[in-house]
Structures are given as C-alpha cells and as structure tokens.
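Structure first, commentary second.
The numbers here are math on the coordinates, done by the rules we state, and not lab data. Every value quoted in this text rests on a predicted model; they were computed, and no experiment measured them. Reconstructed Cβ throughout: ideal geometry from the backbone, glycine too, with neighbour counts over all protein chains shown.
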Amino acid sequence: MRHFFTLSVIALAALLGACGDNATTPTTMTGEIYGASDLYNEYMVQLADKSGITAELLVEGKVMQTVSTTQDGTYTFKNVPPGVYGFRFFKPGYLHLGGNDTVSFTNVQFVGQGRFNTSSLFGTQAFQSTAEPDTSFWAITPEIRYEIVKEVKEVYDIWLKDTTENGKQTYIYGDGTKETWKIKFTIDYERALPLPEMKRKVKLAIQDDDRTYTNDISLTTDANVLTTTYDYTSPNSIVRDKSGKMVSYIERPGSKTDIRAKKITLQASSLIPNGIKHKNDPQRVAKSNKLTINLLD
C-alpha cells in the first residue's frame, strides 16, 4: 500500500541573485533538502541504528535522487535546484506507522538555496518492523502466589456487658485482640522480555465480594525481572475476646469488628503487542487465573 500527502507550501530559503563577469549568463543556484526518520522493532522499541530507509526525491513522479538514511536516521538530498518536488520513503521489511509500506509527499516548492528541513512540513518518518512479536515473552504463570501476614495487637476496651451502679448505667469491658491482615501477592512470568530497555506493564484487578468496585493496580517491572509483587492491606479489622470469639458491632463504645469485604478476587493481565501488521486487530492479552481470597477465618 502507498500513502500520499499533498503539501501546498513553500520551502522557506532565501533566494539570492548572483552576478558573474558576464551579466547575460544566468547562474543556477542549488541547495540541500534534509530530514529525519525513526526505526522501531516489532515490539515498538526505537532502534539505535536507523539506517537503511530509502528516501527518493521526485519531479512529476520521476526519481531525481535516491539516498538512504544514515545510522542516526537522517537523509540529505544535495545540489537541488529550484523546483516543485515530491518525496517517497520506504524500507523493505518495515511499514510506516501509518500502516503503509510506502509514504509519499507531493507539491513541495524549493527555491534552490540554503538548507531546508522537511521535518517542518511532514515531520519525522517512522517505520516499524513487520516481524511478528513473540507472544511467549508476555506469558504469565497461571497461579498468583500469596502470603497472608496477620498483625495482632492487644486491646482493653472490648464491651462485655452493661451494669448498673448506684442507679447509673455503666459498661463492663475486658481484654482481647484486634487483628489486621496484609497480603503479599506475587505474579510470575515465564520469560524475561527480549530487550533490556523494555518495561513490563501488568494490571492487577482486585474486586470485592459484592462487586461494588474493581480496583485496577498498574505495576511496572524491568525487562529481566521474572516476578512482580503487590502488598495489599485488608480493609477489615477483626476484634476477638479472650475466648477467641469475634466481637460483632454493637452500639457501645469500644473496639469491635469492622468487616468491609468478606473476600476478594484478583486477576493479573498484560497487553501483548499486536505488531504493525495487526495493529487494528483486537488487542491480545495475557492473563493469570482468577484467585479468590477469603478475608475472614
């Protein structure tokens, strides 16, 4: 596929007259037209070596000059006389980020002196490799691991009963414990990512038992790290008396159990690159199995 753009603009360069010994002999002025390009691999990681993109300078569709980008991605057409030009860019095995194998621009007027940067007209031309991404790099181990750490503190204000002293109602309190939970979740991956400059991004979806909300946690790790951890704090606090019985809510001052969620369900997911040839296809996703944790004994 080819993509064409029409630009009705004048490349701004000073057009200066030149006088020679023979005033009747015209002097043809020339200048340079240059620009920049980018290259990306199939994982949309920018490549350090951006050479090999073919850039063509056209007049009425005819190729006047052909150059290739250098390692830094730049290209230069030299000794260009005044005229109206077109440009065409392509690289075998790559597609322009617009989705076409070739991208073209037309109707660019150059006045023939100085250096003109095409980036001011049509930006940097970027191409991505058509190689298929290896989906196995994004595989998540099916089971999420977890460890529950319970923090137990003593409390001394557990209501036991009401009583009356000297005709005045009062409360009898006893000792007990208050328990809170922290849960460490660990997500494991099958393989490290292929390039060290890449980052792995994972979403951990946590949903309470009533499904009243889903909390999406975004986690990021380096390419060579094979695990991601997340520390979750239970919203519950469990109060027990000396016998171990849970102290339920009562309309009395003092410590009491506060239950916000009886269980939570988690699932980890990570987006798999589709690649440039399938960029309009449904997004591929790697997922773990769902894990349900009971937040009460």
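Relative contact order of region 154-297, taken over Cα pairs closer than 8 Å and 6 or more residues apart, is 23 percent. Under a model in which nothing but the beta-carbon of Lys, Arg (+1) and Asp, Glu (-1) is charged, region 136-294 shows a dipole of about 480 debye around its Cα centre. Here the spin labels are modelled as points 7 Å beyond Cα on the Cα-Cβ line, and at residue 132 and residue 249 they lie 5.6 nm apart. Report summary: the helix-based calculation at 222 nm, which adds -39500 (n - 2.57) for every DSSP H run with n ≥ 4 and divides by the residues of the chain, gives 0 deg cm²/dmol.
Here the dipole of the chain is about 480 debye; that uses its Cα centre as origin and unit charges on the Cβ of Lys and Arg (positive) and Asp and Glu (negative). Out of every Cα-Cα pair that region 136-294 contains, those further apart than 21 angstrom amount to 60 percent. Which whole number in µm²/s is D for region 173-254 by Stokes-Einstein, with the Kirkwood Rh taken over Cα pairs at 25 °C and 0.890 mPa s? Taking Rh from Cα pairs, D becomes 150 µm²/s. Compactness ratio for the chain: Cα radius of gyration over 2.2 N^0.38 Å (N = residue count) comes to 1.79. Note on residue 217 and residue 117: the extension gain reaches 31.6 nm, defined as 0.36 nm multiplied by sequence separation minus the Cα-Cα distance. 3J(HN,Hα) couplings calculated from phi for region 62-68 with the Karplus curve 6.51 cos²θ - 1.76 cosθ + 1.60 (θ = phi - 60°) are, in sequence order, 8, 6, 9, 9, 10, 9, 10 Hz; Gly and Pro show x. A full extension of the chain between residue 289 and residue 188 corresponds to an added length of 35.2 nm, given 0.36 nm per residue minus the alpha carbon distance.
Segment residue 100..residue 141, full-extension length gain: 11.1 nm, with 0.36 nm per residue of separation and the alpha-carbon distance subtracted. Report the local net charge at residue 50: Lys and Arg +1, Asp and Glu -1, summed over other residues whose C-beta lies under 14 Å from its C-beta. Spelling it out: positives minus negatives among the neighbours equals -2.
Here the dipole of region 88-211 is about 860 debye; that uses its Cα centre as origin and unit charges on the Cβ of Lys and Arg (positive) and Asp and Glu (negative). Look at the dipole of region 66-219 built from charges on Cβ: of 99, 114, 71, the Cα furthest out on the positive end belongs to 114. Give the lysines reachable from residue 150 as a straight Cα distance under 18 Å; neighbours fewer than 8 places away on the same chain don't count. Excluding near neighbours in sequence, the set is 178, 182, 184, 242, 245, 256, 262, 263.
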